[in-house]
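The values are calculated or read from the model by the stated rules, or taken from the named source; none is laboratory data. Fair warning: this is a prediction, and the values are worked out from it, not measured in the lab. Counting neighbours? That spans all protein chains shown, and the Cβs are built from the backbone with ideal geometry, glycine included. Each accessible area value is taken on the protein alone, full model and side chains, heavy atoms only, with ligands, DNA and RNA left out. Shrake-Rupley method; radii C 1.70, N 1.55, O 1.52, S 1.80 Å.
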Amino acid sequence: MEGQIWFLSRSLQLSSFQAYKLRVTHLYQLKQHSILASVGEDEEGINPLVKVWNLEKRDGGNPLCTRIFPAIPGNKPTVVSCLTVHENLNFMAIGFADGSVVLTKGDITRDRHSKTQILHEGNYPVTGLAFRQSGKMTHLFVVTTENIQSYMLSVKDYPRLELDTHGCGLRCSTLSDPSQDLQFIVAGNECVYLYQPDERGPCFAFEGQKLLVHWYRGYLIIVSKDRKSSPKSEFAGSDTQNSDKQILNVYDLCNKFIAYSSVFDDVVDVLAEWGSLYVLTRDGKIHALLEKDAQTKLEARHLLNLTLALILPSSLHIPQMLFKKNLFEMAINLAKSHHLDSDGLSEIFRQYGDHLYNKGNHDGAIQQYIRTIGKLEPSYVIRKFLDAQRIHNLTAYLQTLHLQSLANADHTTLLLNCYTKLKDSSKLEEFIKTSESEVHFDVETAIKVLRQAGYFSHAVYLAEKHAHHEWFLKIQLEDIKNYQEALQYIGKLPFDQAESNMKRYGKILMHHVPNETTELLKILCTAYRPAGDREGSGMLEGKKANSEEFIPIFANNSRELKAFLEHMTEVQSDSPQGVYDTLLELRLQNWAHEQDLQIKEKLHSEAITLLKSGRFRTVFHKALVLCQMHNFKDGVLYLYEQGKLFQQIMHYHMQNEQYRKVIEVCELYGDQETCLWEQALSYFARKEEDCKEYITAVLKHIENKNLMPPLL
């Protein structure tokens, strides 16, 4: 009432800080975060402020206030009646005495990342709020003095559903835990009602005017008066002068009994912390209710004298020593009925498993060890069952470990080795074909183990299912030798992966399936789309690889190389220069080695056509060398002519003693290069045979054109 927030440590040391200038009215501490939300007042009048505190960070010794904003809806002055915050820090709901509810969505710790809106308006005071999260569905329960409704917050516009036409007083509603299916509990004076977001559930006839309701570890805690009064009057708050006795009951709804009941003077609140319940009364006292941990009653060193007992106050009248001498099933049932935590239950299962194992009942033991998964280190169990005679038990344990997504790569290796040792192909298939949502395991490890054990088809299935392309191709090509299947698989891959795998495996595929490999390379280098996308999506332009990079794949397949290169030059005139160079060399080789004159003439024509395509201007000398190497006379002369190497043309004819051709060269190119006539005269003059006819023609042309002095 003086604006302070107090902290009570486990050692019962008190500390506080000034949170508001006037008073604090509401607190909400999140369970999974060190975040505290508060409502209070810094000035007189009805102007409540919400403050969000980060308890892990400090500001001058006090918790850091990360956000402050006014609580009232719009500009209507009204009193805050209740407050709740979602554990994901993305929702905060504030209820008011005028019947409205304000919802803040977004990061509640920051102003910038959240927005506030009025979610609900009504005529009756809001007495309780609770968020319910189930999977991806988020609901908000809103209870007033006269009705109950739920809002679906995971859907646009937040649809509202009215659940009932009666409500409850302040602090008389709560949300159960998953053991009661996260139901919203509303305590009226006659009955306690349970609600799902879309309907009313069961009810319990607990009479008496309810003052306070809490849920704790599967127990429903209710503080009530003996005399009845209207819940409407309760909203205004209890009379501080009234010191009537109040009854605190702890109900076990699952097992349908009262776990504890006691009378207190004027209860302020019941708090749950440090594994116990604390009852704060108006006289400033705190009463601790301790539920003895069942695990402490396990005599771990003496399995033949197992004891489990739940010690509650004497009003419950449960005997401390419930059973002895190996009554494990009874111990487990009792522990479950009293909601012993998972660690405690796991210890009972472990001891039961050890007991059965020592008696030689390995089948029974493994069933108990399976129930410890998630708590007991798997190696503890695995070491016990590595013997070959117990491999069935080990397999059952490892299967469950995988089903619960708690297996590592070593566990996967061990399980698959168990399957292969047992030669249990059906179980093996069932395991690898189970959906990822049901079983999680290290896929690459599984592929390696299956391959090593010779289960190639299973390994290939896994590799394909989980898109481990490299493993799929490695097994198909190296182990199964299914080259056709591997090639079809590459044709289904995205462009980048298809390109890289063709570079890696192209040679081996070309060796075994040359025609199909060549066809895929044609597609890959023109307009590639994965095989499944090639039909129907013709309008989409595919990607294309650099055809020159795949030429080495054809090292021993010249026929396929020629088909590939010719295809590329036909459909893609801007193919890399290397494609044209290689095609020219290939055509010249074929021409040079061909014996059939008719075919040789056709090859000659193809080579000349390629040379005249204009693709060799930038690599003139390379083309010339290729023609010279293969003694391709017409190609050499064509390139000399294109390169204006007229003297080389003439020298070529001179070497072959083609006198008429020498004169033709002079006549064709003599005007561009006059020295050709002089060289021709010199050539003919040196000849021993009678070249009078040619010398006369040369001299006549030199005289007419005055190309040389008469004396010379």
**OP:** Could I have the simple spin-label model distance between Arg110 and Thr445, label points 7 Å from Cα toward Cβ, reported in nm to one decimal?
**Re:** 3.8 nm
Original post:
Hey, what did the range 491-533 get for relative contact order, percent, Cα under 8 Å, at least 6 apart?
Top reply: 64 percent
Original post:
Given a 1.4 Å probe and the protein chains all in place, what does the accessible area of His651 round to, in Å² to the nearest 10?
Top reply: 80 Å²
Original post:
For a label point 7 angstrom out from the Cα of Cys191 toward its Cβ, which stretches of the range 145-173 have the backbone nitrogen within less than 13 Å?
Top reply: 164-167
Original post:
Between Lys156 and Leu422, what is the spin-label point distance in nm, taking each point 7 Å from the Cα along the Cα→C-beta axis?
Top reply: 5.2 nm
Original post:
Which links in Lys76/Lys245; Lys156/Lys433; Lys465/Lys503; Lys421/Lys474 stretch past 31 Å when you go from one Cα to the other?
Top reply: Lys76/Lys245; Lys156/Lys433
Subject >> Theoretical FRET efficiency, 1/(1+(r/R0)^6), r = Cβ-Cβ of Asp479 and Gln595, R0 51 Å, to 0.05 >> reply: 0.70
Original post:
How high is the FRET efficiency from Val79 to Ser179, r the C-beta distance, R0 35 Å, rounded to 0.05?
Top reply: 0.50
Subject >> Size of the range 398-474 as Cα extents on the principal axes (Å, biggest first) >> reply: 31, 26, 20
**OP:** Determine the gain in length on full extension of the stretch Arg282-Glu121; use 0.36 nm per residue of separation and subtract their C-alpha separation, reporting nm with one decimal.
**Re:** 54.6 nm
**OP:** For Cys525, list long-range residues whose amide hydrogen, built 1.01 Å from N in the peptide plane, is under 5 Å from its own amide hydrogen.
**Re:** Ala545
Original post:
Tell me, in nm to one decimal, what length is gained between Arg559 and Ile247 on full extension, where the rule is 0.36 nm per residue of separation less the Cα-Cα distance?
Top reply: 102.5 nm
**OP:** For the range 35-191, just say rounded, prolate or oblate: build the C-alpha gyration tensor, square-root its eigenvalues into a ≥ b ≥ c, call rounded for a/c under 1.5, and beyond that prolate if a/b exceeds b/c, oblate if not.
**Re:** prolate
Subject >> Order by protection proxy (mean Cβ within 10 Å, highest first), peptides 449-462, 585-598, 141-154 >> reply: 141-154, 449-462, 585-598
**OP:** Enter the accessible area per residue of the range 42-157 (Å², integer; probe 1.4 Å; all protein chains in place).
**Re:** 45 Å²
Subject >> Ile391-Lys492 pseudo-label distance in nm [points 7 Å out on the Cα-to-Cβ vector] >> reply: 3.3 nm
Original post:
Once the Cβ-Cβ distance between His511 and Lys633 is put in as r, and R0 is 30 Å, what FRET efficiency do you end up with, to the nearest 0.05?
Top reply: 0.25
